[in-house]
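The values are calculated or read from the model by the stated rules, or taken from the named source; none is laboratory data. The structure presented is a predicted model; accordingly, all values stated were derived computationally and were not measured. Every residue, glycine among them, receives a Cβ derived from its backbone with ideal geometry; neighbour counts consider all protein chains shown. For accessibility, only protein heavy atoms count, side chains too; no ligands or nucleic acids. Shrake-Rupley method; radii C 1.70, N 1.55, O 1.52, S 1.80 Å.
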Amino acid sequence: MTSVGPTTGPSTAVPVAPEPQAAAPDRFGGRLFTANLRQNGIYIAFALIIALFEILTHGDLLTPQNVSNLVVQNSYILILAIGMILIIISGHIDLSAGSVVAVTGAVSAVLMVNNNVPWPIAILVTLLAGAAIGAWQGYWVAYFGIPAFIVTLAGMLVFRALTMSVLGNQGIGPFPDEVRTIANGFMPTYLGNIGLGPLDGADLFTLLLGLALVGGIIATQWRGRAGRARYGQAVEPFALFITKIVIAAFVVMFVIVQLARFKNLPWVLVLLAVLVLGYSLLTNRAVFGRQIYAIGGNLNAATLSGIKVKAVTFWLFVNMGVLAAVAGVVFAGRLNQAGPTAGDGFELDAIAAAFIGGAAVQGGVGKVVGAITGGLIMGVINNGMSLIGAPTEQVMLFKGLVLLAAVAFDVFTKRRAGAAR
């Protein structure tokens with residue numbers, strides 16, 4: 001038997017195959033699924049709430065007149081929600097918004113009604129008053145270092161007291177026709193009306209504006225998806241993307257058709273659309289908007305990266321004061337008088353709209369469109385419960401549960417995102 005000695009030549013070791021790696025999560029799993037769930041969950045919930053109240057009201061919720069009422073009645077809350085979402089994204093809060101609405105409405109009434117100041121000048125002075133109030137609160141928060149919760153809680157009391165002092169604890173009105181038109185008026189008919197089936201009586205110019213809006217939404221979403229794909233970022237499945245576009249286009253055109261069939265577009269909706277577009281561009285494209293998210297996401301990192309945190313925080317509160325003044329003029333014009341109880345509880349509705357719309361409790365997360373959606377959810381709940389004759393306590397109960405569910409959903413998606421990493 002021949003024995004084989006050790007090999008003295010070069011080594012011929014067989015390479016060891018690497019251990020198989022865990023498969024990457026599918027496009028509907030992990031962080032991508034969580035991101036889609038977080039971004040689209042609010043819209044799914046909105047659709048379900050609308051469907052629920054459409055059934056409970058036997059079709060009255062989505063009639064042309066009621067759709068128009070929903071927009072007009074909630075316009076001032078939606079305006080406040082735009083400013084509030086920016087404050088919350090930065091990691092702060094504003095409890096004084098309702099009182100600022102009241103005091104700025106009182107200032108506009110004293111100027112226009114008591115002193116006969118021309119309404120454009122009076123509105124400009126009112127906006128400057130709102131900016132001054134925001135600068136006052138922003139100074140204490142940004143430069144003196146007092147928490148926004150305390151500063152604005154004090155402001156809620158101070159500015160309510162100022163409202164009573166300015167008004168003498170009584171209402172002042174009526175407002176000029178132009179101001180009332182901003183709050184309650186509708187665009188005139190430019191190109192005539194259509195007399196075709198479901199579009200019977202609809203204003204042609206309004207329908208064309210709706211089609212232009214849908215075209216803008218499609219172009220913006222398409223460019224955003226293409227940009228993310230170009231830089232190798234995760235994008236949602238194409239079928240889901242198309243489905244979202246189709247649903248968004250249908251919802252927009254449905255609302256536009258209903259408004260066109262009633263009295264045309266409310267002027268306050270035009271104002272709101274300009275604000276939403278402007279602030280969406282600010283948060284998504286402007287450096288200042290990116291800085292807001294950076295401050296709310298990680299304050300220390302934002303400071304070390306060179307962001308002027310104090311200045312950004314200061315201007316956020318100035319902006320909140322200006323938007324509260326806009327809401328104050330709109331609300332006073334809608335009621336045709338400024339009263340000492342105006343704006344009572346508005347700050348809570350605006351905060352709820354921001355959180356229901358997807359804002360994170362810790363800051364750094366949120367969108368203007370989400371806050372508008374959250375405000376509309378609150379408006380649909382109020383309107384729907386009113387149509388079915390529900391008592392006030394049931395309305396408060398339902399709104400409280402919706403707010404709790406929204407924050408619980410935020411916490412759930414964060415935990416899921418952490419588990420997916």
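Structure values in brief
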| item | result |
| --- | --- |
| Test: residue 212 is open to solvent by less than 50 Å² (accessible area, probe 1.4 Å) and either of a type outside the set (A, V, I, L, M) or part of a helix (DSSP H, G or I) (or both) | no |
| Yes/no for residue 332 being in the same structural domain as residue 396 (by TED's automatic domain parsing) and in contact with a strand residue (DSSP E or B) (Cβ under 6 Å, 6 or more places away or on another chain) | yes |
| Test: residue in the range 238-251 that is among the polar types (S, T, N, Q) and in the same structural domain as residue 180 (by TED's automatic domain parsing) | no |
| From the options 51, 81, 97, residue that is closer than 29 Å to residue 390 by Cβ, without any contact (Cβ under 8 Å) to a residue 40 or more places away in the chain and in the same structural domain as residue 355 (by TED's automatic domain parsing) | 51 |
| Qualifying position, being open to solvent by 30 Å² or more (accessible area, probe 1.4 Å) and farther than 13 Å from residue 87 by Cα, among 284, 264 | 284 |
| Output for the range 159-182, where each listed residue is outside any loop (DSSP other than H, G, I, E, B), in contact (Cβ under 8 Å) with a residue 24 or more places away in the chain and under 22 Å from residue 118 (Cα atoms) | 163, 166, 167, 172, 178, 179, 180, 181, 182 |
| Count of the range 51-74 residues which are in a loop (DSSP other than H, G, I, E, B), open to solvent by 30 Å² or more (accessible area, probe 1.4 Å) and more than 11 Å from residue 259 (Cα to Cα) | 2 |
| Test: residue 46 is modelled with pLDDT of 55 or more and either farther than 17 Å from residue 371 by Cβ or of a type outside the set (A, V, I, L, M) (or both) | yes |
